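In what follows, a single structure is set out as C-alpha cells and then discussed.
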Amino acid sequence: MFAAQIIVFSRVLGFGVMGINIYYLATGFVNWLLHNDLPKVANMFIGIILFLLMAISLIAVVYLTFRKDTPNPHVEKKLNNSSYHKPCPKMASSSTTQKPSSSSSSSAPSPKLNFDVFLSFRGEDTRYGFIDHLFVSLEGRVFILSDDKLDRGGEIDQELSGTIERSRFSIIVFSERYADSKWCLEELTKIMDCRKEWGQTVLPVFYHVDPSDVGKQSGSFGKGFAKHEAIINKEKVARWRAAMAKATNLGGRHVVKDKG
C-alpha cells in the first residue's frame, strides 16, 4: 500500500505549500491595496480582478491534479463494483469468454490463492497516473511490480510465476510500449497459461491503444515483436504472440486518451 500512501502524502504536501504561497501573496496584495495612492474605485476594481484570477488559477491546479490520466469512468465503474478488491469465493466466471479451454487439465490441483489481483503493465507507460488510480481503487491484496527494474533477461522467475498462479484475477494493461518488454510478454504468457490450466479470470485493459492493433499485433506492437524476433528464439516470440491474441479475444475495457 506504499504507492497509495505516497500519492496522498505528495498531494497533501503540494497543497500545503500552495496554501502558504497563496496566503503570503494575498496578505501582501491586501496590504498594498490599503496603503497605495490610487482612487478607492480603482483599488476595488484591481482587487476584484486579481482575486478572481487567483481563484481561477487555484481551481485549475486542483482540477489538473486530480484529472491527470484519470481512467475511463466505465473502467472505474467496472472495477469499483466488482469483487476484484474483495476476498471472494472460489473463482467461477459467468462470461462465456472467460471459461477455461476444454483442453484444460482437470486433474491439475489448483494453487493456494494469496492475492486478489495481479497487475501486468509497462511501467514507463502507465506508472504515474492510471496504475496509481487502479491500485488505489482495488484496495485489496494486489501484487504490483514494475517491469522496468526487472526486464533484464526476459525470463520470468519462479517466485513471480508462483505469484501469478496464486492470484484470483489478472489485469493486463496493454499500453503503447507493452510489447517492447520481454518481461511483460512473459507475464502475459504465464497469465494465459493460468487461465487455461485453472480458469483464472483475466481482464484486458487497452490503455490509450487501439484494441485492433493489439489483436493484429500491428503499430507499436508489431514493431516490438519484430525487434524481439531479431534477437530471440522465434518459438518463444510465437508463444508471446499467441498469448496476446488470446488475451485480446477476451474483450476487456478500452481507456481512450483524452483529446482535451
Q: Looking only at the range 160-197, count how many residues are in contact with a Pro (Cβ under 7 Å, 6 or more places away or on another chain) and in a helix (DSSP H, G or I).
A: 3
Q: Only residues that are of a type in the set (A, V, I, L, M, F, W, C) and over 15 Å from C184 (Cα atoms): list them for the range 234-260, please.
A: L250, V255, V256
**Q.** Count - residues of the range 223-250 that are touching a residue at least 24 places away in the same chain (Cβ under 8 Å), assigned to a helix (DSSP H, G or I) and open to solvent by less than 40 Å² (accessible area, probe 1.4 Å)
**A.** 9
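The values are calculated or read from the model by the stated rules, or taken from the named source; none is laboratory data. Small disclaimer: the values here were computed from a predicted structure and weren't measured. Methodologically, a virtual Cβ is constructed for each residue, glycine included, from the backbone with ideal geometry; neighbour enumeration extends over all protein chains shown. Accessible surface is based on the protein model in full, side chains and every heavy atom, while ligands, DNA and RNA are left aside. Shrake-Rupley method; radii C 1.70, N 1.55, O 1.52, S 1.80 Å.
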